[in-house]
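The structure under discussion appears below in the form of structure tokens.
The values are calculated or read from the model by the stated rules, or taken from the named source; none is laboratory data. Given the structure is predicted, the values throughout are model-derived calculations rather than measurements. With ideal geometry, Cβ positions are generated from the backbone for all residues, glycine too; neighbour counts draw on all protein chains shown. We work out accessible area using only protein heavy atoms, side chains counted, and drop any ligands, DNA or RNA first. Shrake-Rupley method; radii C 1.70, N 1.55, O 1.52, S 1.80 Å.
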Amino acid sequence: MKAGEEAHSAGQGLRADLISAIPSLRAFAVSICGNSDRADDLVQETLVKAWGSLATFSEGTNLTAWLFTILRNIYYSEFRKRRREAPDPDGLIAGRLVAPDSQHAHMDFLDFRDAMQKLPLDQREALILVGASGMSYEEAAQICGCAPGTMKSRVNRARNRLSDLMSAPPSAEPREWSSAEQLSAATRD
């Protein structure tokens, strides 16, 4: 007998062993899940995984025990997944979940960035140091070389002006483009 014929007959023997293990696998699957339809699905998944992993099976070991282990692992993996899921057959819970449109947040950020650029430099600087960086008025005043009262005034005026700019409807004035945006637009044309 040639090597190819031996491998073919060994493959046929393994296939026959897999088929003969199906009733035992099904009985085990029914016993752990309690549902014959789900048991059939488990057995099918087990056979598919086993067939795909035949290279890892060691000849001479217990094929049925190997198959039972695969089935058990599949069952417990799915059990862990389902345990984290909430039952929602009518879709009521999913219907109440709302995901905000991400594009609006991006557009709001662009509006904020444009409004910040419209602030005078001293006010923008003061707002970034105190509001965004979390510095005290005294620390920010020391950095900018002014009195703490002046810093408080700048921050207050910047906040008020920013609030006005953000609440105003978008104007028809042309947007000022940065040099990077101009370069990007020029390369697209």
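Among the numbered criteria (1) within 30 Å of Ser20 (Cβ to Cβ); (2) open to solvent by 100 Å² or more (accessible area, probe 1.4 Å), which one does Ile143 miss?
Here Ile143 meets the rest and fails (1).
Please enumerate the residues belonging to the stretch 70-83 that are open to solvent by less than 100 Å² (accessible area, probe 1.4 Å) and touching a residue at least 12 places away in the same chain (Cβ under 8 Å).
Listed by number, the residues that qualify are Ile70, Leu71, Ile74, Tyr75.
Please work out which residue is nearest to Leu165 (Cα to Cα), limiting yourself to the stretch 111-140 and to residues that are open to solvent by less than 40 Å² (accessible area, probe 1.4 Å) and in a helix (DSSP H, G or I).
Ala115
Residue check, Ala105 against (1) more than 13 Å from Val155 (Cβ to Cβ); (2) in contact with a Lys or Arg (Cβ under 8 Å, 6 or more places away or on another chain), all met but one. Which one?
Here Ala105 meets the rest and fails (2).
Please specify each residue of the stretch 20-69 satisfying the condition of being among the polar types (S, T, N, Q), outside any helix (DSSP H, G or I) and either in contact (Cβ under 8 Å) with a residue 40 or more places away in the chain or open to solvent by less than 50 Å² (accessible area, probe 1.4 Å) (or both).
If the condition is that a residue be among the polar types (S, T, N, Q), outside any helix (DSSP H, G or I) and either in contact (Cβ under 8 Å) with a residue 40 or more places away in the chain or open to solvent by less than 50 Å² (accessible area, probe 1.4 Å) (or both), then Ser53 is the only one that fits.
Kindly indicate whether any position in the stretch 167-181 is surrounded by 12 or more Cβ atoms within 10 Å (Cβ to Cβ) and at pLDDT 75 or above.
So far as the stretch 167-181 goes, no, none of its residues is surrounded by 12 or more Cβ atoms within 10 Å (Cβ to Cβ) and at pLDDT 75 or above.
Any idea how many residues of the stretch 146-162 are open to solvent by less than 60 Å² (accessible area, probe 1.4 Å), touching a Phe, Trp or Tyr at 6+ places or on another chain (Cβ under 9 Å) and not β-branched (Val, Ile, Thr)?
Residues that pass the stated criteria total 4.
Here are the criteria: (1) touching a residue at least 12 places away in the same chain (Cβ under 8 Å); (2) more than 24 Å from Ala168 (Cβ to Cβ); (3) open to solvent by 80 Å² or more (accessible area, probe 1.4 Å). Tell me which single one Pro89 does not satisfy.
Condition not satisfied by Pro89: (1).
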